[in-house]
Amino acid sequence: MQVIFSPKHRQHAPPAEFVSSGLGPYSESPTRADSILAALESSGRFDVSQPTAHADAALEAVHDAAYLDFLQQVYAVWSTPTAPGGNGIIPLTFAVRGLDTCPADLVGRAGYYCFDAQTPIVRGTFAAARAAVDAALTGADRLLAGDAAAYALCRPPGHHAAAAMYGGYCYLNNAAVAAAYLLERGRSPVAVLDIDYHHGNGTQEIFYHTDQVLTLSIHADPNRAYPHYLGYAGETGKNSGKGANFNLPLPPHVGDEDYLSILADALVEIRAFSPAALVLSLGVDTCIDDPLGDFDLSLDAFSDIGRAVASLNLPTLAVQEGGYAIAEVGRAVLNVLTALQ
Ligand code: SP5
Ligand code: ZN
C-alpha cells in the first residue's frame with residue numbers, strides 16, 4: 001500500500017495549547033507522525049512517497065474562499081516585530097451566537113473562524129496544512145489509478161475543520177477535500193467513515209446537505225467530550241442529505257467487543273448506500289492508553305477494525321486524524337493498515 005507523507009508537517013509545531021489548568025504542551029505534536037512513520041517503515045510492507053502538488057480548486061470545492069485567504073495570510077500580518085509571544089495566534093474572543101459579523105481586521109477574524117483555544121496558527125501552519133491536503137489528494141489519485149487502498153499520513157489532521165471554521169487541531173479538512181475530489185472524478189457516491197475518538201463535526205457540516213456523500217462518525221458522546229456542540233444521534237442530515245449522516249455516540253470505557261459491534265452497524269449502513277469509494281478518517285485516539293480519550297480499545301482491536309473495513313471491498317483511502325499516545329499510535333495505525341491491505 002502506498003503511504004503518502006510530507007515532511008512539511010514539521011513546520012506546524014505550536015509550543016502550547018490552552019488546557020483546563022492554563023497553557024500546556026501541544027498534544028498534536030510532530031512526534032505523532034514520527035511514531036506512525038517509524039512503525040510503517042519498520043514493517044517493510046509500505047511504500048512511502050511524498051505528495052504531488054494539487055491545484056487549489058480541490059480545496060476551494062470544500063472551503064470558503066475568504067476563509068482560505070485568512071488562513072494563508074493571517075500569520076504574516078500578525079507577526080510584526082512588536083507582536084507578543086511565540087505561541088502563535090490563539091483568539092481571545094469568539095464569534096458565537098449573535099456575534100456574527102466578520103471584521104475587516106485579519107487578526108480579529110481569528111475568533112470569527114476559530115472555535116476553540118487549542119488550535120494556534122504559527123508561521124508554518126498553512127504550509128503544513130496545505131501539504132496534508134496534497135497528501136490526501138495524492139492518496140485519492142492512487143484510488144483513481146486503481147489501487148484498492150492508500151494511506152495519507154496527514155498532519156495537521158482535518159476532521160474538525162468545516163467550510164469556514166477551524167479548531168480541534170484541524171485547519172483544512174483533508175478527508176472532506178479528498179472525498180469531494182473523488183466525487184468530482186466520477187466516484188459517486190462516496191462514504192466517509194470517521195473512527196476518531198472525537199466527532200467529525202467539520203466533515204458532517206461540509207456534507208450535511210448532500211446525498212452524494214454518506215457521513216458516519218463513531219465517537220465519544222459529545223455530552224461529555226469534545227467537540228461538545230455537534231455529534232448527537234439526532235443529526236441525520238438536511239434537505240437532500242436527510243438520512244445521509246449517522247452519528248454513533250458512545251459511553252466511556254467502550255471495549256473491543258462493543259466497539260466492533262457498533263462498527264458492524266455502521267458498515268451495514270455503508271453497504272446499503274453502495275458507495276463507489278470509502279474515505280476512512282483514521283483517528284486512533286480510541287486506544288486505551290490515549291491521554292485525550294476514554295475508550296479502552298486494545299491494539300488488537302485495530303487489526304479487527306482494519307479487517308472489518310476491508311470486508312466492504314471498496315477502494316479505500318485512509319486519512320490520518322487524531323491519536324496522542326505517542327508510544328502506541330504507530331502500532332495502532334500499522335495494525336489497521338496491515339489488515340486493510
Ligand atoms: C483531531 C483530534 O483528535 N482533535 C482533538 C481535539 C481535542 N481537543 C480537546 C481536548 C480536551 C482534553 N480533555 C482531556 C481529558 C483527559 N482525560
Ligand atoms: Zn480525535
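Pairs needed: first member in the range 255-271, farther than 10 Å from Ile305 by Cα; second member anywhere, assigned to a helix (DSSP H, G or I); C-beta distance under 8 Å; at least 6 residues apart or different chains.
Correct list of pairs: Leu267/Ala308; Leu267/Val309.
Inspect the range 286-303 for any residue being among the aromatic types (Phe, Trp, Tyr), crowded, with 22+ Cβ neighbours inside 10 Å, under 18 Å from the mean Cα position of the chain (by Cα) and within 15 Å of Asp196 (Cα to Cα) and give the result as yes or no. I'd like the intermediate steps shown before the answer.
Just the residues of the range 286-303 that are among the aromatic types (Phe, Trp, Tyr), to begin with: 295, 302.
Filter once more, keeping what is crowded, with 22+ Cβ neighbours inside 10 Å: 295, 302.
Filter once more, so that each one left must be under 18 Å from the mean Cα position of the chain (by Cα): 302.
With the extra rule that they be within 15 Å of Asp196 (Cα to Cα), the set shrinks to 302.
Yes: one or more hits.
Looking only at the range 141-187, which residues are crowded, with 24+ Cβ neighbours inside 10 Å, assigned to a strand (DSSP E or B) and out of contact with any Leu (no Cβ under 6 Å at 6 or more places or on another chain)?
Ala152, Ala162, Tyr166, Cys170
I want to confirm something. Restricting to the range 23-32 and keeping residues that are of a type outside the set (S, T, N, Q) and within 13 Å of ligand 1 (Cβ to nearest atom), which single residue is nearest to the chain's Cα centre (by Cα)? If you could, list the steps in order and put the result at the bottom.
Start the filter on the range 23-32 by keeping residues that are of a type outside the set (S, T, N, Q), which leaves 23-26, 28, 30, 32.
Now restrict to residues that are within 13 Å of ligand 1 (Cβ to nearest atom): 24-26, 28, 32.
Numbers: Gly24: 22, Pro25: 20, Tyr26: 17, Glu28: 12, Arg32: 14 Å.
In this case the residue turns out to be Glu28.
State which residue pairs qualify: first residue closer than 13 Å to Thr31 by Cβ and inside the range 9-21, second residue within 16 Å of ligand 2 (Cβ to nearest atom) and in a loop (DSSP other than H, G, I, E, B) in any location, beta carbons under 6 Å apart, and separation of 6 or more residues or different chains.
Between residues of the range 9-21 that are closer than 13 Å to Thr31 by Cβ and residues that are within 16 Å of ligand 2 (Cβ to nearest atom) and in a loop (DSSP other than H, G, I, E, B), the close pairs are His9/Arg155; His12/Pro156.
Throughout, read-outs are computed from the coordinates displayed, never taken from laboratory work. What you see is a predicted model, and the numbers here were worked out from it, not measured in a lab. With ideal geometry, Cβ positions are generated from the backbone for all residues, glycine too; neighbour counts draw on all protein chains shown.
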